[in-house]
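Notes to accompany the following structure.
The values are calculated or read from the model by the stated rules, or taken from the named source; none is laboratory data. Please read all numbers here as calculations on a predicted model, not as lab measurements. All Cβ positions, even for glycine, are placed from backbone atoms using ideal geometry, and neighbour counts span all protein chains on display. Quick note on the areas: whole protein, heavy atoms, side chains included, nothing else; ligands and nucleic acids left out. Shrake-Rupley method; radii C 1.70, N 1.55, O 1.52, S 1.80 Å.
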Amino acid sequence: MYKHILALSCSAILALGSSALLADDDVRMDEVNGLVEQGTIQSLESLNEKALAVQPSTITDTDLDKHYGRFIYEVEIRDAQGQEWDIDLDASNGDVLEHRRDD
């Protein structure tokens, strides 16, 4: 009985750990060109243009992550009033997933 409980516990811990690894991974900059060339994601220039079309101003930071197998391009923008905005784009097609003011 104890072996059965131990086996189930180990399986649960491994499953949780592996799902956490798949949940959110930073994409290294040296991987970006390959993803663009393969057509997996749009160019960062194109994604930046799409973000600025949603929230015009100045891009202060960007990040490309892989969430549950999907590439998400996160853009931080500071407007003329100094307010920070976060825009999340689907990096494969440029669709806006989220547009929010950063509190």
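Val54 to Asp103: FRET efficiency via 1/(1 + (r/R0)^6), r the Cβ-Cβ distance, R0 25 Å, to the nearest 0.05?
0.85
Compute the distance in nm between two label points, each set 7 Å from the Cα along the Cα-to-Cβ direction, one at Asp95 and one at Ser46.
1.6
I'd like the accessible area for Lys50, computed on protein heavy atoms only with a 1.4 Å probe and all protein chains in place. Round to 10 Å², please.
70
Using R₀ = 30 Å, calculate the FRET efficiency as 1/(1 + (r/R₀)^6) where r is the Cβ-Cβ separation of Val36 and Ala80; round to 0.05.
Working: r = 31 Å, r/R0 = 1.03.
Approximately 0.45, to the nearest 0.05.
May I ask you to rank Glu37, Glu98, Glu49 by accessible area, largest first, using a 1.4 Å probe over the protein chains only?
Working: Glu37 155, Glu98 80, Glu49 130 Å².
Output order, biggest surface exposure first: Glu37, Glu49, Glu98.
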